[in-house]
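Asker: Sharing a structure with you now.
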There are 2 protein chains.
Amino acid sequence: MSGGSRLDPWVDAYAARARGMTASEIRALFAVASRPEVVSLAGGMPFVQALPLDALAETAARLVRERGAEVLQYGSGQGDVTLRGQILDVMAEVGITAHPDDVIVTTGSQMALDLVTRVFCDPGDVVLVEAPSYVGALGVFRAYECDIQHVAMDDEGLVPEALDEAITRVRAEGKRVKMIYTIPSFHNPAGVTQGPERRRRILEIAKREGILILEDDPYGLLGFEGAPPRAIRADDDQQVVYLGSFSKTIASGLRVGWAVAPHGVREKLVLAAESAVLCPSNYAQLTVSEYLATQPWREQVKVFRELYRERRDALLDSLEQLMPAGTTWTKPAGGFYSWVTLPEGLDAKAMLPRAISALVAYVPGTGFFVDGQGSQSLRLSYCYPDADRIREGVRRLSGVIESELEIAQTFGTGHVLRNAQGPANPAPDLL
Amino acid sequence: MSGGSRLDPWVDAYAARARGMTASEIRALFAVASRPEVVSLAGGMPFVQALPLDALAETAARLVRERGAEVLQYGSGQGDVTLRGQILDVMAEVGITAHPDDVIVTTGSQMALDLVTRVFCDPGDVVLVEAPSYVGALGVFRAYECDIQHVAMDDEGLVPEALDEAITRVRAEGKRVKMIYTIPSFHNPAGVTQGPERRRRILEIAKREGILILEDDPYGLLGFEGAPPRAIRADDDQQVVYLGSFSKTIASGLRVGWAVAPHGVREKLVLAAESAVLCPSNYAQLTVSEYLATQPWREQVKVFRELYRERRDALLDSLEQLMPAGTTWTKPAGGFYSWVTLPEGLDAKAMLPRAISALVAYVPGTGFFVDGQGSQSLRLSYCYPDADRIREGVRRLSGVIESELEIAQTFGTGHVLRNAQGPANPAPDLL
């Protein structure tokens, strides 16, 4: 087996699920895009520099010095019980009431996504996802060999009629629908938010059809207008598994997220978590817990909100001023992203190398679908670069789109290579 | 679906793999065993109190203060490149040479176990494991619906002839062997170590048969006599995936482990890791990296070695003095554990409630098998309690065994309920 002339001697030994694990072809481009002269509107990296670093440093030091025997030791597979109680306070902001027993702490909410899928999905089970959907979730569903089916969105997110139709269609094919995966607030990548009536109807369909809702809510507290949207989970504690994260409200580098689940599901999730990582890091968990207990975390979330609102405004203003006619985009009321649709005939992935040559980067739309949709779209993030950089990025991007349009008008659009690649594997650049 | 009279309304919705996820029946007992008056010889918790806490505290604070934008941010799915280089220095101690590209950092080496299994094992694939084997590995293999087959050990660990026989037998049944999972040094739970010739023969069999060796080595640097044993991976970089951990040489609460794998396998592992958690925690990784760079970590490992040797001596001495005739145990040359075999007719799980009543706890042997073996055995850990507590624990345990023997002599052993439960889910108590 070892040696031999093949590139990978183990290629025949991999599990069936490993076949779907392939690196994104756009990764190489992103390696180039990380050069400082490139304005990256691609990555979903929170602006952690806005945190009170001195206070966090002191928190970390105090924890290790005074509670080292606990902080540096294995902990419970379900997560630290004090932190689980504090998570209830955070979720109260989106209307959720629960018990600390209902919460499981995970290594980022990505791990919660993995565990829920592990517990529910056999190969071939259908997961209904928005069109487009979060690339990291698509990666998980693919890793568990799910049958991923997209459901249409509009400016208020997932369309209930389309959801109903998808359930009927998929069941008529003899398939089993295991979950409806949705990001109701400040959607990644679509930048839209479900209103209360929309949420009510989606929950009603899920209940009627007996299908679990997997509600992913990393951006829920980062709305720019009024109170945070009420979570779907706030109105039903049996039909929904809710995923939350400290990656955007505190720091992504800590890798602390959580799931709230009905009792029986939560028990399975804890068992799955113990098998996956034994227990989440006490070091990271207790840092979060101590930060929540001693720092004005709500004020800090407000700081993030103001920062991202200013950047959102810079993005939308400059799109308005600079984008060629025929380009459209969503107007996010929170979160990190706007979804841009190019003029007819343009292909966002084919355009990406030219954009990077012009020193601006984005994520092409096809990455957010498993079925080749999205070629005319792209995602812009405004979370990391400052307002001036965002404006400069949009200026460069609009120049690239204009050149593409000229080429298309001169030579026709037939030269555009339509590429139906599925989702890229998740990576920080593509969050 | 929601409501209804069943206890868990989602019970019919779970994946097939979730059926194997059940909590251990001995967990309730361990909840009692964590009371301070109980001497626990059950848990595999490293004695992290021996770390230089002030230096670690200062390291953590300096990192957050000076490199916050990096420490608190998402990182690479493969792990921090500086840390990966430092891991090479650690592995040099067991004879391994590799390149930083060959290393992937994981959320504890438990996660590396999960990823390797995810990448290689379809349901029904055979994994060969030692008899007994690490409970956390058995949990992972079961979660991926592997066919787990035990292979006999002796005082030098995995028996090559038995390995050969198992491969032949399993293949004759038409099954596919995907991995040989082994802990060659200071085995958990058996407390034995493969000699160099034993390792050479196991590697030879794996090469001849084209089967991957999954070499798990969390205790390799914690030997009490001479240099650390040379890893199997040191003699072959294509046939072996090697797993390492900082849980026992620095701190388990950081959750930083790693895998070293042949190129193609490593690529798959990174993709699987990104799907599972996006990236390991920069906060934890850079804390480890800075500790390795600024602290005398080899001296600290020596401190741990001396500490655990003293405790091992206390255990072996008191076993020698106090255990009733007919009881045998392994004599670990490193690591955390000794494997005790009770006199004929006694059952370690049936005895556990009585042991806990006598204020001493251990892990019954059946937990380390999937097939009901091990009822006459138990695992004792000497890593956490100090020498006096260990002696007191053994004194209590020997009293319990003596009473059991008296009962057996009076009433015969027919009253012992043989319990063929499989492995418990991993938990810190059972590590």
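A quick yes/no check of all residues on (1) in contact with a strand residue (DSSP E or B) (Cβ under 9 Å, 6 or more places away or on another chain); (2) assigned by TED's automatic domain parsing to the domain that holds A:S245; (3) among the polar types (S, T, N, Q):
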site: A:Y283; (1), (2), (3): no, yes, no
site: A:S289; (1), (2), (3): no, yes, yes
site: A:D313; (1), (2), (3): no, no, no
site: A:L316; (1), (2), (3): yes, no, no
site: A:L319; (1), (2), (3): yes, no, no
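Asker: Go through (1) modelled with pLDDT of 95 or more; (2) acidic (D, E); (3) closer than 21 Å to B:A361 by Cα and name the single condition B:E25 misses.
Answerer: (1)
Asker: Can you confirm whether the range A:259-269 contains a residue that is modelled with pLDDT of 95 or more, among the small types (G, A, S) and either buried (at least 24 other Cβ atoms within 10 Å of the Cβ) or touching a strand residue (DSSP E or B) at 6+ places or on another chain (Cβ under 9 Å) (or both)?
Answerer: yes
Asker: Among what's in the range B:10-44 and is within 14 Å of chain A (Cβ to nearest Cβ) and of a type in the set (D, E), pick the residue that is farthest from A:H263 (Cα to Cα).
Answerer: Of everything passing the filter in the range B:10-44, B:E25 is farthest from A:H263 (Cα to Cα).
Asker: In the list B:D89, B:D102, which residue meets the criterion of being in contact with an Asp or Glu (Cβ under 9 Å, 6 or more places away or on another chain), more than 13 Å from chain A (Cβ to nearest Cβ) and either on the phi > 0 side of the Ramachandran plot or not aliphatic (A, V, I, L, M) (or both)? Give the derivation first.
Answerer: On the way: B:D89 fails: in contact with an Asp or Glu (Cβ under 9 Å, 6 or more places away or on another chain).
Selected residue: B:D102, the only one of B:D89, B:D102 that is in contact with an Asp or Glu (Cβ under 9 Å, 6 or more places away or on another chain), more than 13 Å from chain A (Cβ to nearest Cβ) and either on the phi > 0 side of the Ramachandran plot or not aliphatic (A, V, I, L, M) (or both).
Asker: Considering only the range B:187-204, state which residues are of a type in the set (K, R) and within 14 Å of B:D236 (Cα to Cα).
Answerer: Result: B:R199, B:R200, B:R201.
Yes/no matrix, rows are residues, columns are (1) in contact with a strand residue (DSSP E or B) (Cβ under 8 Å, 6 or more places away or on another chain); (2) of a type outside the set (D, E, K, R); (3) part of a loop (DSSP other than H, G, I, E, B):
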| residue | (1), (2), (3) |
| --- | --- |
| B:A325 | no, yes, yes |
| B:T366 | no, yes, no |
| B:Q373 | yes, yes, yes |
| B:G393 | yes, yes, no |
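Asker: On to the next question. Go through the range A:331-347 and report how many residues are within 20 Å of the chain's Cα centre (by Cα) and either closer than 19 Å to A:G372 by Cβ or assigned to a helix (DSSP H, G or I) (or both).
Answerer: Going through the range A:331-347, the residues within 20 Å of the chain's Cα centre (by Cα) turn out to be A:331-341.
Applying the additional criterion that residues be either closer than 19 Å to A:G372 by Cβ or assigned to a helix (DSSP H, G or I) (or both) yields A:339-341.
Total satisfying the criteria: 3.
Asker: Any residue at all in the range B:298-312 that is farther than 29 Å from B:A112 by Cβ and more than 13 Å from chain A (Cβ to nearest Cβ)?
Answerer: Looking through the range B:298-312, at least one residue is farther than 29 Å from B:A112 by Cβ and more than 13 Å from chain A (Cβ to nearest Cβ).
Asker: Restricting attention to the range A:45-77, which residues are more than 7 Å from chain B (Cβ to nearest Cβ), part of a loop (DSSP other than H, G, I, E, B) and within 21 Å of A:E306 (Cβ to Cβ)?
Answerer: A:P46, A:F47, A:P52
Asker: Do the conditions hold for A:L83, that is, is it closer than 30 Å to A:T168 by Cα, more than 9 Å from every other protein chain (Cβ to nearest Cβ) and surrounded by 20 or more Cβ atoms within 10 Å (Cβ to Cβ)?
Answerer: So A:L83 fails the test.
Asker: So which helices (runs of 4 or more DSSP H) stay within the range B:85-172 end to end and still have 3 or more residues that are within 24 Å of A:D114 (Cα to Cα) and among the β-branched types (V, I, T)?
Answerer: Because the criterion is at least 3 residues that are within 24 Å of A:D114 (Cα to Cα) and among the β-branched types (V, I, T), the helices (runs of 4 or more DSSP H) in the range B:85-172 that meet it are B:108-120.
Asker: Considering B:P353, B:P364, B:P324, B:P280, which residue is touching a residue at least 60 places away in the same chain (Cβ under 8 Å), surrounded by 18 or more Cβ atoms within 10 Å (Cβ to Cβ) and away from every other protein chain (no Cβ under 14 Å)?
Answerer: Working: B:P353 fails: surrounded by 18 or more Cβ atoms within 10 Å (Cβ to Cβ); B:P324 fails: surrounded by 18 or more Cβ atoms within 10 Å (Cβ to Cβ); B:P280 fails: away from every other protein chain (no Cβ under 14 Å).
Checking each option against the conditions leaves just B:P364.
Asker: Shifting gears a bit: Filter the range A:202-226 down to the residues that are of a type in the set (G, A, S) and buried (at least 24 other Cβ atoms within 10 Å of the Cβ), then identify the one that is farthest from A:A137 (Cα to Cα).
Answerer: Selected residue: A:A206.
Asker: Separate question: What number of residues within the range B:291-319 satisfy the criterion of being over 12 Å from B:I250 (Cα atoms) and over 24 Å from the mean Cα position of the chain (by Cα)?
Answerer: 4
Asker: Looking at B:V400, B:V394, which is the one that is aliphatic (A, V, I, L, M), closer than 14 Å to B:A355 by Cα, at pLDDT 60 or above and out of contact with any Leu (no Cβ under 8 Å at 6 or more places or on another chain)?
Answerer: Details: B:V394 fails: out of contact with any Leu (no Cβ under 8 Å at 6 or more places or on another chain).
Among B:V400, B:V394, only B:V400 is aliphatic (A, V, I, L, M), closer than 14 Å to B:A355 by Cα, at pLDDT 60 or above and out of contact with any Leu (no Cβ under 8 Å at 6 or more places or on another chain).
Asker: Does the range A:180-239 hold any residues that are polar (S, T, N, Q) and either closer than 29 Å to A:Y382 by Cα or under 21 Å from the mean Cα position of the chain (by Cα) (or both), and which are they?
Answerer: A:T182, A:S185, A:N188, A:T193, A:Q194
Asker: What number goes with the only condition from (1) buried (at least 24 other Cβ atoms within 10 Å of the Cβ); (2) in contact with a strand residue (DSSP E or B) (Cβ under 6 Å, 6 or more places away or on another chain) that A:F246 does not pass?
Answerer: (2)
Asker: Still on this model: List every residue pair whose Cβ atoms sit under 6 Å apart, with the two residues 6 or more apart in sequence or on different chains, where the first one lies in the range A:156-171 and is assigned by TED's automatic domain parsing to the domain that holds A:H187 and the second, anywhere, is surrounded by fewer than 16 Cβ atoms within 10 Å (Cβ to Cβ) and in a helix (DSSP H, G or I).
Answerer: Listed pairs, sorted by first residue: A:I167/A:E209.
Asker: Across the range B:30-44, what is the number of residues that are in a helix (DSSP H, G or I) and either surrounded by 21 or more Cβ atoms within 10 Å (Cβ to Cβ) or among the basic types (K, R) (or both)?
Answerer: 2
Asker: Return the total of residues in the range B:113-125 being buried (at least 24 other Cβ atoms within 10 Å of the Cβ) and more than 10 Å from every other protein chain (Cβ to nearest Cβ).
Answerer: Final tally of qualifying residues: 1.
Asker: So if I check each of B:R230, B:R199, B:R255, which one is buried (at least 24 other Cβ atoms within 10 Å of the Cβ) and more than 13 Å from chain A (Cβ to nearest Cβ)?
Answerer: Result: B:R199 is the single residue among B:R230, B:R199, B:R255 that is buried (at least 24 other Cβ atoms within 10 Å of the Cβ) and more than 13 Å from chain A (Cβ to nearest Cβ).
The values are calculated or read from the model by the stated rules, or taken from the named source; none is laboratory data. Small disclaimer: the values here were computed from a predicted structure and weren't measured. Neighbour counts are summed over all protein chains in view; Cβ atoms, including those assigned to glycine, are modelled from backbone coordinates with ideal geometry.
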